[in-house]
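Read the figures in this text as sums done on the coordinates, not as results from a lab. Everything numeric here is computed off the predicted structure, so don't read it as measured data. Note: ideal-geometry Cβ built from the backbone for every residue, glycine included; neighbour counts use all protein chains shown.
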């Protein structure tokens, strides 16, 4: 299967889930091109964008695992390449 480039947008409302989130991102680290995190103190959330280049199944699996964390929400946008 051919790899695809995607951005996973993540909103973290439960800071207790951050260690599990970081563990997941480390597990998939070889496919991650880059990541940017922004703490939004006014709303007491963290916003993270992760750029990933991997098979669609890998991207979907990671996004699903992230979305299953308590108080963590994820959406994925795919590029055409």
Report, as a whole number in µm² per second, the diffusion coefficient that Stokes-Einstein gives for the chain at 4 °C and 1.567 mPa s using the Kirkwood radius over alpha carbon pairs.
102
Helix-derived [θ] at 222 nm for the chain: sum -39500 (n - 2.57) over DSSP H runs of at least 4, divide by residue count, nearest 500?
-8000 deg cm²/dmol
Set of the stretch 7-29 residues, backbone N closer than 11 Å to the point 7 Å along the Cα-Cβ line of residue 75
9-11
Just to confirm the number: angle between the C-alpha axis of helix 18-27 and the first principal axis of the chain, 0 to 90 degrees, nearest 10?
20
Can you pull the one-decimal nm distance between simple spin-label points at residue 3 and residue 30, each 7 Å off the Cα toward Cβ?
1.1
What is the angle, in °, between the Cα long axis of helix 56-67 and the longest principal axis of the Cα atoms in the chain? Nearest 10 is fine, range 0 to 90.
10
